[in-house]
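Notes follow the structure.
The values are calculated or read from the model by the stated rules, or taken from the named source; none is laboratory data. Note that this is a predicted model, so its numbers are computed, not measured. Neighbour counts run over all protein chains shown; Cβ positions are idealised from the backbone, glycine included.
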Amino acid sequence: MAAAVPVRPAAPDEPSVATQRWLASECSKSAFYRLLNRTVWAIITLVSLGIFAFIGIQRHRAGHEIAMRQPEIIAAQSANSEPARPTPERPSSPATNSAMPKVSIESEPTETEPEETEPEVSLTEESDSQATESDRPRQQSVMIRPQQPIIRSPIEEPKVPLKPVDEVAKGLDSSNVFERRAAISALSGRNDVSDEATTYLEQHVRRETDDNLKFAAIDGILRLNENPQVAVDLLAEIVSGDTPANVQVVSKKYSPTLRRQALNKLGQIGPNASSAAPVVLKIMKAAAKGTAKFYKVFCECADCLAIIGSDRTDVTQALKSFANGRGFADKTPYVAQCKAAAERALATIERRAAGLPASTNPPTGTRRRTLADP
C-alpha cells in the first residue's frame, strides 16, 4: 500500500481557500480596470492630438492660399482706386505780376452796323514804365495782422457773507467732535472780530474735554493775536495742574500728556512766555521731591525754563542748585537724570546769552544717564 501523504494543518491566521480565491478574483478585476482606464485615456489623448493637428493643417493651408492670392488682391485694389487729382497751381505773388508784361485789349468800331460786324481786337504789349495808372489793375493788399492774445477779464467770485460770531460759536457747544473742530477752525480765521473770537475760544479751552481740541483752540488764539499773553495764561494753567496759585504735580483736571504738550508749546512761543516761568519753576521744585515718580516732569520743566526763563535770576539760581545735587528730597537713581537736565538747561541759557543757537544736546562732558548707571 502507498504511504498516506500527511496533510499540513492550516495556520490559525492563514485565510481559507475560498477567501484566497476571492482575493485573486478581485486582484484580477482591479488589474483589468486599471488597464481599461489607461487605454481610454490613451485613446482620448490620441484623438485630441489628431484634432489639434487637423486644425493646424487647415490654418496653414488658408494662410498659404492668402499669400498666393496677395498679388491679385493688390492689383484689384490699385485698379479700383481713384486717379490722383492734379494739384492746383499756386497763384503768383504781386511782385511776379508786376514784372510780367501786360496785355491791353483795344476795340475800334467800324462804319457798318455793330450787329453785322465784329470789333477788331489788337493785342499790344506795354511795359510797366509806359502803362498808366488807369491801365494797371488794382491789386488788393492783404494785411496779415499778428494774432493778439485774448485778454479775459477775471471772474469775480461771489462774496459769501460771513456768519456772525455768535452763530459760529454755537458749534462749540455741540456734542460732535467734528462740529466743535469746525467751529474752532472757523473762529481761528475771523481776524475781523479777533477780540470776540478770542473770548469764545478762551472759554472753550477751559470746558473742552478733548486734549487735541484744547490745543487747536489755543493755536487759534495765537493766530488771532499778536500778543500771546492770553494763550500763555491758559498754558500756564494747564502746567500748574489746577491754578497758578495752587500747583499740583498730580493733576485731576489735566493729563500728563496735556502738560507735556503745554510745556512744549511754551517753549515754541519763546521768551514772550516768560510770565509762565514762575509756575513752571514751582512744578519743577515739586517734582524734585519725588524723582522716582516725577523725574520726567522735572526734565520737561527744565527744558522749558531754558527757553522762557533765560532772563530770570530765580530760574538760573534754581537750575544751578539742582545741577549741584541740592534740592532733591530723595536719593534715587533718577536724581542723576534730573541733574543732567539741569546742566543741559544751564548750558542752553549760556549759549543764548552768548548769541549762539540753543542746543538740545547735553553739555560737553555729560550725558543722559539711564537706570543702568550706578
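For the residues 177, 168, the requirement of being at pLDDT 80 or above, surrounded by fewer than 16 Cβ atoms within 10 Å (Cβ to Cβ) and in contact with a helix residue (DSSP H, G or I) (Cβ under 8 Å, 6 or more places away or on another chain) singles out 177.
Taking the numbered list (1) within 42 Å of the chain's Cα centre (by Cα); (2) outside any helix (DSSP H, G or I); (3) of a type in the set (Ser, Thr, Tyr) in turn, residue 275 passes all entries but (2). Regarding the range 274-286, can at least one residue be identified that is small (Gly, Ala, Ser), farther than 23 Å from residue 353 by Cβ and touching a Cys at 6+ places or on another chain (Cβ under 8 Å)? No: zero hits. Against the conditions (1) within 15 Å of residue 318 (Cα to Cα); (2) in contact with a helix residue (DSSP H, G or I) (Cβ under 9 Å, 6 or more places away or on another chain); (3) not acidic (Asp, Glu), residue 253 satisfies every one except (1). Number of residues in the range 172-190 that are more than 29 Å from residue 226 (Cβ to Cβ) and in a loop (DSSP other than H, G, I, E, B) equals 3. The set of residues in the range 278-301 being outside any helix (DSSP H, G or I) and either of a type in the set (S, T, N, Q) or surrounded by fewer than 22 Cβ atoms within 10 Å (Cβ to Cβ) (or both) consists of 289, 290. Apart from one condition, residue 266 fits all of (1) buried (at least 17 other Cβ atoms within 10 Å of the Cβ); (2) over 15 Å from residue 215 (Cα atoms); the exception is (2).
Residue by residue, here is whether (1) in contact with a Pro (Cβ under 9 Å, 6 or more places away or on another chain); (2) surrounded by fewer than 16 Cβ atoms within 10 Å (Cβ to Cβ) holds:
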| position | (1), (2) |
| --- | --- |
| 204 | no, no |
| 217 | no, no |
| 231 | no, no |
| 236 | yes, no |
| 248 | no, yes |
| 258 | no, no |
